[in-house]
Every structure is written in C-alpha cells, then in structure tokens.
Amino acid sequence: MSYKLAFIGFGVVGQGFAQLLEEKKNLLRTGFGLEYTVTAISDPAKGSIYQEEGLDLTQILSLTEKDGNVKGYDRGVKGWDSLRTINEADADVIVEVSPTNIENGEPGISHIRAALGKKKHVITTNKGPIALFYRELAELARRNGVALKFEGTVLSGTPAINLSLDTLAGAVVREIKGIMNGTTNYMLTKMADGQSYETVLKEAQRLGYAETKPDADVKGWDAQAKIVILANVVMGGHLKPKDVPTQGITEITQDDIEKARTDGKRFKLIGHAWKEGSEVKAKVSPVLVGADDFLYHVNGVTNALTFVTDALNKVTIVGPGAGRLETGFSLLVDFLGLHRAFSKR
Ligand code: HSE
C-alpha cells in the first residue's frame, strides 16, 4: 500500500516525523507493507513546495537544518498556501502540524475541516482543534470514511490516546491524573537544582519542548488542552478549555521551590479529570508532592498519566512528554494505525 503525504506546517514536529519516515523507510516497507511519498510541504515561514512525483525528503531535511527553510529546493511548484495544498495537492494523508492555538483552534481547525471534507486522512499533533472541536471532527471523519488520528496531542509519542481507545477499549475510565506538560516539568526539575526560571525556559525552547508561544506551557493552557482532550475523548466528557480551572507555574518562586526541597517535596503541574455522576470535571494546578508519591520521581521532560478504570483499577504510563522525535513518533504510530485499519478494507 502506498500513500502520498502533505505536510501542513514544517516546524520541529513536522521535521521530526520526516526524519523518522526516512530513517524507518525500510522497516515500514518490510515490516508493514507501507510505502510513502511526501508530495507537499506548506509552511508560511519555512516555505511551500508541491512536487507531484514526491519530494526528496533527505534534501528537504538538510536544507531545513542548513538554511532554516526549504526555499532553496530547486524543483516543484512553490508558494501554495495551506488550504490550496490541502485542496489541490495529490495527497491522501494530511499531516497537520501547524502551531497550536487553544483559543479558537485556527489555522489548524480550518485545515482539518478542509482535509476531511476532501476525504483525506488526517494525522495531527495540534491540540487546539481536538480540544475545541473533537466531536464535530470525529463525525466529519466518520461521514467521509477517513481517519482522524491525534496521538501526539497528549504526551507526545508516549501512548495515551491510542492506549485508551484501542488497548483499554471496553474499560470504563473513571479518572485520569498526572503530569502532562513536558516543558514545565523540565523547568521545575531544573529550578529545583538551582537554575533560574529564565534560563530553564530558554533551554526548554532550545530543546524543542516548548510551544511556539511558551505562555501556553507556563500558564497551564497546554496541560488544560490535554486534560480536555482526555476528558472528552476517553471519558465521554463535554468540556471546553474555559470550563477547566487552570493555574500554571508562573507564580511559583525560586524561594517556594527551595522551601519545598528542604521539606523533601517537589512541585508538579498536575492535570486531573474525574467523574461526578454523569458529568466529567477537570482542573490543572501545581501540587506539592512528597517522595511517597510516585510523581515525585517523574522528572525532566518525562510525563506520567494514571487511568483509573473499572476493569483494571489503575493503569499508569510514564514516558516522554515532548520533543522533536518523540512527538514525530506519534505521527508515525498514527500513520501505521490508519494503514492497518484501511488496508484491511
Ligand atoms: N509544549 C508541550 C509540552 C509539547 O511541553 O508538553 C508537547 O505537547
């Protein structure tokens, strides 16, 4: 089975996925019978190219590394914007990795609606559209007979969404709780080692953990979007981000962290969703935990989620919460997932 992919956005995550596609090309073919070409990339900053016969991804990646954009690529048609690429490029899978916007979901929501409406599969790591419009988009995908997959919206490539929907299917999830933002957990860990807020935030940006606008991380909005996604997708909730009381880490001072350390405690930014009768509720806030709480031992960019279920009681996953290849991997998993589902038909 051979697929044509179009990338809408080509930042850290898009590049990470492109790198994995190249590195795992043989494995995809021999292990899964999956072949691909990337026919288009459209990114307002990095440049846009459409090449019907398939782009040279190795060259694209080396241009991105060398020049910070793909404008030096010497073949194909240049300059198509995102919607033109979605509507006109020869592609059956749209890789939607434009920057997350948790206020109105744009431009990702318009991209995903257009792609599904054109009967193109969508794999995305974009939290805004899923946190705000999950039910509408899932229904649109179903009506058009295509996949909408979004593993990387929560805990990067660490299985959280597919785990709940596939492997835990049939279990009722009553509660989900844990650390779901890599940037802030990394920052809190480094600050407990004595480094300043500004230094560690810059480092989180340099390492590709932080959102395009890192306010989303430190003010808790990123964790808020993730707990909304989990509450709605996994627990059947009907939450909007504004329904979730949210506090980030901006008010935690170096002194607070030092005092916690001498008391044998650590700050963790915790997202929590639970059922109250038939309603699902959620909140995000910093919590002080002691060494008897396993979250105390989850440090750096590592995240952890506990699902409280009827069948198994607690199931906990621990793994990377952010990063170029880690988030790129979620797209690879989703690509394989849609291949498995649709190649059987
Ligand atoms: N900025 C996010 C984080 C990226 O730090 O967790 C992954 O969603």
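Return a yes/no flag: does the range 178-187 have any residue that is in contact (Cβ under 8 Å) with a residue 40 or more places away in the chain and farther than 16 Å from Asp222 by Cβ. Looking through the range 178-187, none of the residues is in contact (Cβ under 8 Å) with a residue 40 or more places away in the chain and farther than 16 Å from Asp222 by Cβ. The conditions of being touching a strand residue (DSSP E or B) at 6+ places or on another chain (Cβ under 7 Å) and either surrounded by 15 or more Cβ atoms within 10 Å (Cβ to Cβ) or not assigned by TED's automatic domain parsing to the domain that holds Gly300 (or both) are not met by Ile229.
Of all residues in the range 196-215, those being more than 10 Å from the ligand (Cβ to nearest atom) and assigned to a helix (DSSP H, G or I) number 9. The requirement of being at pLDDT 95 or above, among the small types (Gly, Ala, Ser) and outside any strand (DSSP E or B) is satisfied by Ala45.
The set of residues from the range 3-45 being among the hydrophobic types (A, V, I, L, M, F, W, C) and farther than 25 Å from Lys213 by Cα comprises Leu5, Leu20, Leu21, Leu27, Leu28, Phe32, Leu34, Val38, Ala40.
Within the range 197-218, residues that are at positive phi sit with their Cβ atoms under 8 Å from residues that are among the aliphatic types (A, V, I, L, M), at 6+ positions apart or across chains, in these pairs: Gly208/Val12; Gly208/Ala322.
With respect to (1) more than 13 Å from the ligand (Cβ to nearest atom); (2) within 17 Å of Thr327 (Cα to Cα); (3) among the small types (Gly, Ala, Ser), the lone exception for Ala223 is condition (1).
This table checks each residue for (1) among the β-branched types (Val, Ile, Thr); (2) within 11 Å of the ligand (Cβ to nearest atom).
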position	(1), (2)
Tyr134	no, no
Gly157	no, yes
Thr167	yes, no
Asp217	no, yes
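Taking every residue in the range 143-171 that is closer than 24 Å to Ala115 by Cβ and pairing it with any residue that is outside any loop (DSSP other than H, G, I, E, B) and of a type in the set (Ser, Thr, Tyr), at least 6 positions away or on another chain, the pairs with Cβ-Cβ distances below 6 Å are Phe150/Thr124; Glu151/Ser330; Gly152/Thr327; Gly152/Ser330; Ser156/Thr327; Ser156/Ser330; Gly157/Ser330. The single residue among Ile176, Ile130 that is surrounded by 20 or more Cβ atoms within 10 Å (Cβ to Cβ), on the phi < 0 side of the Ramachandran plot, at pLDDT 95 or above and more than 11 Å from the chain's Cα centre (by Cα) turns out to be Ile176. Taking the criterion of being crowded, with 22+ Cβ neighbours inside 10 Å and aliphatic (A, V, I, L, M), the residues of the range 71-101 that qualify are Ile86, Ala89, Ala91, Val93, Ile94, Val95, Val97.
Asp166 passes every criterion in (1) outside the structural domain of Ser42 (by TED's automatic domain parsing); (2) in contact with a Phe, Trp or Tyr (Cβ under 9 Å, 6 or more places away or on another chain) apart from (2). What about Tyr186, is it within 16 Å of the ligand (Cβ to nearest atom), surrounded by 20 or more Cβ atoms within 10 Å (Cβ to Cβ) and in a loop (DSSP other than H, G, I, E, B)? Considered against the rule, which asks whether it is within 16 Å of the ligand (Cβ to nearest atom), surrounded by 20 or more Cβ atoms within 10 Å (Cβ to Cβ) and in a loop (DSSP other than H, G, I, E, B), Tyr186 comes out as no.
Can you tell me which residue among Val308, Val280, Val318 is buried (at least 21 other Cβ atoms within 10 Å of the Cβ), at pLDDT 95 or above, assigned to a strand (DSSP E or B) and of a type in the set (Val, Ile, Thr)? Criteria check complete, one pass: Val280.
Of all positions in the range 5-20, none carries a residue that is farther than 18 Å from Asn126 by Cβ, part of a loop (DSSP other than H, G, I, E, B) and not acidic (Asp, Glu). Of all residues in the range 105-112, one or more are part of a loop (DSSP other than H, G, I, E, B), within 16 Å of the ligand (Cβ to nearest atom) and surrounded by fewer than 24 Cβ atoms within 10 Å (Cβ to Cβ). With respect to the conditions (1) buried (at least 18 other Cβ atoms within 10 Å of the Cβ); (2) free of Cβ contacts under 8 Å to residues at least 24 places away in the same chain, His297 lacks only one, and its number is (1).
The values are calculated or read from the model by the stated rules, or taken from the named source; none is laboratory data. Since this is a predicted model, take the numbers as computed values, not measurements. Methodologically, a virtual Cβ is constructed for each residue, glycine included, from the backbone with ideal geometry; neighbour enumeration extends over all protein chains shown.
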